[in-house]
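The values are calculated or read from the model by the stated rules, or taken from the named source; none is laboratory data. Everything numeric here is computed off the predicted structure, so don't read it as measured data. Using ideal geometry, Cβ is built from the backbone for each residue, glycine included, and neighbour counts are taken over all protein chains shown.
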């Protein structure tokens, strides 16, 4: 077997090539556009499946350096923060609380489903539990953290099972979120709400973030990029300090997003730099596309193939429950409107996979049907940070109860 090690630049080149290839395929095969499947999902999954077969037949094994991923993710969240206007996002507080409660209850149900099915499938409850909220809402990070804790009390393969379940969830969330959101929009003939559809004209209101229509000069470009990089660096620093001093993990992306929201809205009143919204919207799209492509193309399906079986069964039930819960409960509770449909597509993405999945689903829909400022305010805040306030205690309770 040939072993190929890709450095950081080669990995980036490959991810861009895969994205461009997927975009080409998406243009040729209209079914992908019809179903609103995000382009990174197409490119990343195609490559991971290809590598699976090459490795299975002992032809090629590729090792990739994906160390740029945290920076792309950070740039994406910071850019979102720069484009959020707290003055125009009225009603977001109530929806934020409702969405948080809905996701918290969903996490509890995911844990109960995993434990119940583990008994039905005759596997160790704690191993089945790794296919619950740990891997679904928590993703690969929680799977590694809590899987290690479970292995420390004598349960083998907890980490591997959690990562396998998180991977299946990540794929499912990326494939299903867009089509479900599209189906809701078309079934109820939903249109963007006034506050969302008017975002393109936000320069008309003095309390809104100005959408700069001037030419992008090198000075303006460097000024805006400098602001982004400063916030990125500060957010990493603050996150590390909090973790070291309190042992509490707050993702740097949350800190970065909060800082960018504060700075951009202060800049509305006291203009201390030439904000260029088009640039940050561009950075959002590029950073998310590269991150998600890189995340999916680096999935080792071969290593996960031996762990399937009960895992697939439990994850399948989780997927079905999330779809039913999202469509018949969350959509109605959140208002049964356009914003609600976009948030449901995001909910499917991050409660089965990860917050970037949710944002890719929502971006695909809003690019086609119109913007939803509320959804892009609520879903990232809950999925990336607020949900942890419930998920962590809930997971720890189940671990102690089942051990």
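Residue-wise test of (1) within 13 Å of residue 182 (Cβ to Cβ); (2) without any contact (Cβ under 8 Å) to a residue 60 or more places away in the chain; (3) buried (at least 24 other Cβ atoms within 10 Å of the Cβ).
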| site | (1), (2), (3) |
| --- | --- |
| 369 | yes, no, no |
| 372 | no, no, yes |
| 376 | no, no, yes |
| 384 | no, no, no |
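Summed over region 21-40, residues that are under 21 Å from the mean Cα position of the chain (by Cα) and either closer than 21 Å to residue 63 by Cα or in a helix (DSSP H, G or I) (or both) total 6.
Considering only residues in region 6-24 that are free of Cβ contacts under 8 Å to residues at least 60 places away in the same chain and more than 12 Å from residue 289 (Cβ to Cβ), the one that is surrounded by the fewest Cβ atoms within 10 Å (Cβ to Cβ) turns out to be 9. Residues that are part of a helix (DSSP H, G or I) and within 14 Å of residue 349 (Cβ to Cβ) were ranked within region 132-167; the one that is modelled with the lowest pLDDT is 139.
Let's see how each residue does on (1) buried (at least 20 other Cβ atoms within 10 Å of the Cβ); (2) part of a helix (DSSP H, G or I); (3) at positive phi; (4) modelled with pLDDT of 90 or more:
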| position | (1), (2), (3), (4) |
| --- | --- |
| 303 | no, yes, no, no |
| 313 | no, yes, no, yes |
| 318 | yes, yes, no, yes |
| 321 | no, yes, no, yes |
| 324 | no, yes, no, yes |
| 330 | yes, yes, no, yes |
| 335 | no, no, yes, yes |
| 341 | yes, yes, no, yes |
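In region 205-228, the residues that are modelled with pLDDT under 75 reach residues that are surrounded by fewer than 14 Cβ atoms within 10 Å (Cβ to Cβ) and in a helix (DSSP H, G or I) with C-beta atoms within less than 6 angstrom, at least six apart or across chains, in these pairs: 210/203; 211/203.
Per the listing 263, 231, the residue uniquely farther than 20 Å from residue 70 by Cα and surrounded by 13 or more Cβ atoms within 10 Å (Cβ to Cβ) is 263. Restricting attention to region 35-58, the residues that are farther than 16 Å from residue 297 by Cβ and either in contact with a helix residue (DSSP H, G or I) (Cβ under 8 Å, 6 or more places away or on another chain) or surrounded by 15 or more Cβ atoms within 10 Å (Cβ to Cβ) (or both) add up to 3.
Pairing each residue of region 45-60 that is within 19 Å of residue 32 (Cα to Cα) with any residue that is surrounded by 12 or more Cβ atoms within 10 Å (Cβ to Cβ), provided the two are 6+ apart or on different chains, yields C-beta distances under 6 Å for 45/296; 47/18; 47/297; 48/297; 48/299; 48/301. Only one of the numbered conditions (1) over 30 Å from residue 17 (Cβ atoms); (2) touching a residue at least 40 places away in the same chain (Cβ under 8 Å) is violated by residue 289, and that is (1). Residues of region 363-403 that are touching a helix residue (DSSP H, G or I) at 6+ places or on another chain (Cβ under 7 Å), over 23 Å from residue 259 (Cα atoms) and part of a helix (DSSP H, G or I): 364, 365, 366, 369, 390, 391, 394, 395, 398, 399, 402.
Would you point out the residue of region 290-301, among those that are at pLDDT below 85 and part of a helix (DSSP H, G or I), that is surrounded by the fewest Cβ atoms within 10 Å (Cβ to Cβ)? Explain how you work it out, then say what you get.
Start the filter on region 290-301 by keeping residues that are at pLDDT below 85, which leaves 291-292, 295-296, 298-301.
Cutting the leftovers down to part of a helix (DSSP H, G or I) gives us 291-292, 295-296, 301.
Working: 291: 26, 292: 30, 295: 25, 296: 26, 301: 20.
Checked region 290-301; the qualifying residue surrounded by the fewest Cβ atoms within 10 Å (Cβ to Cβ) is 301.
Tell me yes or no: at least one residue of region 249-263 is assigned to a helix (DSSP H, G or I), out of contact with any helix residue (DSSP H, G or I) (no Cβ under 9 Å at 6 or more places or on another chain) and either touching a residue at least 12 places away in the same chain (Cβ under 8 Å) or farther than 30 Å from residue 60 by Cβ (or both). Among the residues of region 249-263, not one is assigned to a helix (DSSP H, G or I), out of contact with any helix residue (DSSP H, G or I) (no Cβ under 9 Å at 6 or more places or on another chain) and either touching a residue at least 12 places away in the same chain (Cβ under 8 Å) or farther than 30 Å from residue 60 by Cβ (or both), which makes the answer no. Just give me the residues in region 229-254 being at pLDDT 85 or above and either within 22 Å of the chain's Cα centre (by Cα) or under 19 Å from residue 75 (Cα atoms) (or both), in sequence order. Within region 229-254, 229, 230, 231, 232, 233, 234, 235, 236, 237, 238, 240 meet the criteria.
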